[in-house]
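The structure appears below as structure tokens.
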Amino acid sequence: MTSASTLGETRGHGGVERGHIVHADAVLERQARPRPLNEAERAIWDLAATVVDPEVPVLTIEDLGVLRGVTFATASGSVTVEITPTYSGCPAVDAMRDDIVGVLHGNGYDDVSVKVVLAPAWTTDWLSDEGRTKLEEYGIAAPGPRRGGGTVSLGLGIRCPRCGSMHTRQLSRFGSTSCKALYVCQRCQEPFDHFKEH
Amino acid sequence: MVTPTARAAATETGGVRDADDDPQGDGRRRFEELLASESRVEPTDWMPAAYRKTLIRQISQHAHSEIIGMQPEGNWITRAPSLKRKAILMAKVQDEAGHGLYLYSAAQTLGIDREEMFDQLITGRAKYSSIFNYTTPTWADMGSIGWLVDGAAICNQVPLCRASYGPYGRAMVRICKEESFHQRQGFEILLALMNGTEEQRAMAQESVNRWYAPALMMFGPPDADSPNSQQSMAWNIKRFSNDELRQRFVDMLVPQAEILGVTLPDPAIRWNEERGHYDFGDLDWTEFSEVLAGRGPANAVRVSRRRTAHENGAWVREAARAYADKQATASAASRASAAPEKIAS
Amino acid sequence: MIPTTNRSASTALTPEAIAESIAADETVASEPVALYALGLGDDALVLAHRLGEWITHAPELEEDVALGNIGLDLLGHARSLLTYAGSAWGTSEDDLAYFRGESEFRNRQLFEQPNGDFAHTIARQLFASVYFDGLYRALRRSTDPTLAAIAAKATKEVDYHLDHSVQWLLRLGLGTEESHRRMQRGLDAMWPFVGELFRAETGLPEGGVAHVPLDVTDGGTLGGVVVDLEPLRSAFDEIVPRLITDAGLTVPTVPFARGGGREGRHTEALGPMLAEMQVLARAHPGVTW
């Protein structure tokens, strides 16, 4: 089996610089993390925000932009948390739902429901700067910005999260989970996952 | 790049060639220092040929296990009894393929080609975890594989996160996290069955009965009979002995079995206050040897399925190669451009 | 899509969420919308199942992963669509997937076609992806917020699927003599089922739904719920023959089959597929897994 037969192989070009930390503007940040202004709801948001992605546990659902909203009915004491899946078929959603219920029950909120919303559709642009840093430290190359909401052009260098080289090569467009692609660094030889732009 | 010398060294048997690589002994000194300080050895560092060989064997076996391990579960993707379970199972098998690819890449940093490793697998010359030579006759086996097999794999693999070889240790950190998610999913499958009808509970118990002992055997033979362990421990590739890990696993299982309401099929299991561990009964290693010797329930099927897929797909890979070659020729003139380049190898 | 202050318009749903909303009497599909969603859900489910059959049999590991990945996306779409459809009748996604017979499945016949060799699968995948791509792009603008949200999510994923099949079409078409011959055979085998893809939705109660016009590039609103397929047909006719000829292959001339999937008429391929898919669930009706 040779690597020639894999799809979409691209080689990163040394010298193509692209900042891997994207500073989302305030509007995007607000869209990515609509933390409630109301104090009671904000407290619930902050608890839910501690839940992590079961497959990439360095990221919280807040880092990911998966946590979409919290409503608290003062009269009944019922809590509704909204989350959105990264991919339509993502099996991590069920685990996140259970963990949110778990953490809120543990903090005295007995009536909790978690709603999964599809709109607006999740994008990697919602990943927080902090999340990107944690991802890179964990050894996964963070996603770059999407270009105008369209398909991301492949072939831009992906930076090796270990040595920082842009001289990297895609080995497989699909990695162990839908959100990742497999790369190898041509300089330090490290194989690594790249969190794909979506 | 792995140098040709390193590649040659990788095929040596006992470190005979080490001196050629490292006439002044500087490499060896540095290697010993890295181990002593619990640091990582990186692909570009000098390493003894036998260390390299041991790692290639271990990492490639691990990769093969992921690839062959797709089959017992792949067996149920088309029959999963709910769409949610179908999605979880598809995602899990995909994870395993992804781990296999990742580990093959890690092994490649030691100077072996993926083609060579894969050839060893499909010609039956490579080892993979014997657990995957058991069959999955019932849906509950999807639960048992997650809970017991992935659970045992995690116990085995968590210490490997500190393995001295950098690319392997770092890969294991991420793989272990994903495996933990798999174990949780397996546990949930069994829990749903145990909370279900009489038939479902019987299905779960019967499956746990079949998988319990083979899962315990995943840690390998008792320490007294484990030939490769000592050197691997000295090299910081292996961190705990087989029996230590097995004990750790049983200690983890017993309370979880209580939550599930399943009975572990070993009447000797009881808490030992003095040791601070659960005692458990002896395992029937003759069965293990049988499976290891190729007489397990599915030995013949596993490798041949992968080989058949590979052979049936030969024309596809040839086409992709031919296409890549043509593209490379066609784009030779415009190679200076910044456009993505197809790689022919 | 921009978040809106109107909660009900921006809240759309996966299976569990839809199930919960139904209890709260929030999101219930009307009968015609449900039938429409059922057809789309069956298209996605049946194709997802077929792709799942490839896993551990693919030509290389990367394709085990890629086909599984695409199948998983489609299964996600199917689950949302079937759950939404079921809201009209008080049935779950699993009731619909596992306890309907062959003649009750409304998928178009292309999706149930057996995998054949890898080229057959790529041909099926190419036609399917072009169909889904046009369909979901348009459906994002549906006046039904649930359908629009499902489509908006799906569009991003189908983008990748289309690219995957186009890349392989090129490799197989231009690769070797054998791959060229097999790819042509795959296209010829799947072509008869193309005709049905863009036939108007049938079986929807009259007057129940308005159609979405194709022009989805401008930001205006639209008045319909379901996608008007006729314009998608022209887009298909423009794109697909070009892709096929770019890959050095010939646009098939075999006649279209009668079709009828939306009315529950299927080829011989669907029955055995459903028998396998449903066997365990039907052995234990009414239980939780």
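The values are calculated or read from the model by the stated rules, or taken from the named source; none is laboratory data. What you see is a predicted model, and the numbers here were worked out from it, not measured in a lab. Methodologically, a virtual Cβ is constructed for each residue, glycine included, from the backbone with ideal geometry; neighbour enumeration extends over all protein chains shown. To get the accessible areas, we keep the full protein, side chains included, count just its heavy atoms, and leave off ligands, DNA and RNA. Shrake-Rupley method; radii C 1.70, N 1.55, O 1.52, S 1.80 Å.
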| query | Which value, in debye to the nearest 20, describes the size of the charge dipole of the stretch B:222-298 about its Cα centre when Lys and Arg Cβ atoms bear +1, Asp and Glu Cβ atoms bear -1, and nothing else is charged? | reply | 360
| Point-charge dipole on Cβ atoms (K/R +1, D/E -1) for chain B, about Cα centre, debye to 20 | 1220
| GluC sites (Glu not before Pro) restricted to DSSP loop in the stretch B:269-315 with at most 12 other C-beta within 10 Å | B:Glu273, B:Glu274
| field | Reachable aspartates and glutamates, given that their alpha-carbon falls under 15 Å from the alpha-carbon of C:Lys156 and they are not under 8 places away in the same chain | value | A:Asp125, A:Glu197, C:Asp73, C:Asp133
| Once the piece of chain linking B:Gln231 and B:Thr197 is laid out straight, how much longer is it, given 0.36 nm per residue of separation minus the C-alpha distance between them? | 7.2 nm
| note | Here, trypsin sites (Lys or Arg not before Pro) of the stretch C:54-132 satisfying both criteria (DSSP loop; at most 10 other Cβ within 10 Å) are none
| task | Let me know the Rg and Dmax you get for the stretch A:24-127 when you use only its Cα atoms, in Å. | result | 13.0, 37
| For chain B, modelled as a GNM with alpha-carbon contacts under 10 angstrom, which of B:Ala309, B:Ala63, B:Ala49 fluctuates the most? | B:Ala309
| Rg to Rh for the stretch A:127-195: what is it, with Cα atoms only and Rh by Kirkwood? | 0.94
| Cα-Cα over 21 Å, subset of A:Lys196/B:Lys326; A:Lys134/B:Lys84; B:Lys86/B:Lys127; B:Lys84/C:Lys153 | A:Lys196/B:Lys326; A:Lys134/B:Lys84; B:Lys86/B:Lys127
| request: At 1.4 Å probe size, with every protein chain present, just tell me what the per residue accessible area of the protein assembly as shown comes to in Å². | output: 37
| message | For A:Val117, what residues show an amide H to amide H distance below 5 Å, using hydrogens built from the backbone and excluding near sequence neighbours? | response | A:Ile83, A:Thr84
| said: Can you tell me the convex hull volume per residue for the stretch B:14-162, based on C-alpha atoms, in Å³ to the nearest whole number? | reply: 123
| query | According to the Cα gyration tensor, what semi-axes, each the square root of 5 times an eigenvalue, does the equivalent ellipsoid of the stretch B:197-276 have, listed from largest to smallest in whole Å? | reply | 30, 15, 10
| task | Using only alpha carbon positions, build the gyration tensor of the stretch B:181-243, then give the equivalent ellipsoid semi-axes as the square roots of 5 times its eigenvalues, largest first, whole angstrom. | result | 36, 14, 5
| remark: If amide H atoms are modeled at 1.01 Å from N in the peptide plane, then the residues at a separation of 5 or more from A:Ser78, or on another chain, having amide H under 5 Å from its own are A:Ala73
| Any idea how far apart C:Glu230 and B:Asn312 come out in nm if each label point goes 7 Å out from Cα toward Cβ? | 4.3
| Cα-based Rg and Dmax for the stretch B:29-313, where Dmax is the largest Cα-Cα distance (Å) | 19.1, 64
| said: For a test of the definition: using alpha carbon positions, the gyration tensor, and the 1.5 limit on a/c, classify the stretch C:65-148 as rounded, prolate or oblate. | reply: oblate
| note | Per DSSP loop assignment and a cutoff of at most 15 other beta carbons within 10 Å, chain B keeps its longest run without exposed trypsin sites (Lys or Arg not before Pro) at B:128-274
| Using r as the Cβ-Cβ distance of B:Asp45 and A:Glu137, and R0 as 30 Å, what FRET efficiency do you calculate, to the nearest 0.05? | 0.85
| field | Linear extension gain, C:Arg265 paired with C:Asn115, 0.36 nm per residue minus alpha-carbon span | value | 52.0 nm
| task | Specify which residue in the list B:Gln200, C:Ala66, C:Leu45 is farthest towards the positive end of the charge dipole of the protein assembly as shown, using unit charges on the beta carbon of Lys, Arg (+1) and Asp, Glu (-1), about the Cα centre. | result | C:Ala66
| note | One checks the Cα atoms of the stretch C:25-283 and finds Rg and Dmax, in Å, of 17.7, 59
| field | B:Asp26/B:Ala268 FRET efficiency (R0 56 Å; Cβ-Cβ; nearest 0.05) | value | 0.55
| note | Per-residue ellipticity at 222 nm attributable to helices in chain B (runs of n ≥ 4 DSSP H, -39500 (n - 2.57) apiece, nearest 500 deg cm²/dmol) works out to -19000 deg cm²/dmol
| note | Cα-Cα pairs in the protein assembly as shown separated by more than 44 Å, as a whole percent of all pairs, come to 27
| field | Filtered chymotrypsin sites (Phe, Trp or Tyr not before Pro), the stretch B:134-212: DSSP coil and at most 15 other beta carbons within 10 Å | value | none
| query | Across the stretch B:210-327, how large is the tail of the calculated P(r) beyond 22 Å, expressed as a percent of all Cα pairs? | reply | 57
